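First up is the structure itself, then whatever we jot down about it.
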Amino acid sequence: MQPSEVKALLESRLDGCEFHIQGEGCNFQVVAVSEVFDGLSPVKRQQMIYGALSEEIASGALHAVSIKTYTPQQWQAATDNQGA
């Protein structure tokens, strides 16, 4: 799979999320940014992403998925810190 394919899958299955995908083959890093994560535990956030990719993980099309989730405010703070 390509990062664009993973992004398209996630966008079609999770509304209101912004995705940044890196990787190749069956190993990907997913960064998801959305208001929907506000108030959710890190585990619940990751379960949402894994759930959206469950078919591809079960089939082996995706093997290793690393997930980071942010609210828009957390993402802004994280990207501001990276630029400093």
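Values as computed for the structure displayed
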| quantity | calculated |
| --- | --- |
| Every residue from the range 4-22 that is in contact (Cβ under 8 Å) with a residue 24 or more places away in the chain and either within 16 Å of H63 (Cα to Cα) or not charged (D, E, K, R) (or both) | V6, L9, L10, L14 |
| Filter result (surrounded by fewer than 17 Cβ atoms within 10 Å (Cβ to Cβ) and more than 13 Å from A64 (Cα to Cα)) within the range 15-26 | D15, G16, E18, H20 |
| Residue that is among the small types (G, A, S) and open to solvent by 70 Å² or more (accessible area, probe 1.4 Å), where the choices are S41, S59 | S59 |
| Residue count for the range 58-84, restricted to those that are over 14 Å from the mean Cα position of the chain (by Cα) and among the aliphatic types (A, V, I, L, M) | 5 |
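The values are calculated or read from the model by the stated rules, or taken from the named source; none is laboratory data. All values derive from a computational prediction rather than experimental measurement. Methodologically, a virtual Cβ is constructed for each residue, glycine included, from the backbone with ideal geometry; neighbour enumeration extends over all protein chains shown. In case anyone asks, the SASA skips ligands and DNA or RNA and just uses the protein heavy atoms, side chains included. Shrake-Rupley method; radii C 1.70, N 1.55, O 1.52, S 1.80 Å.
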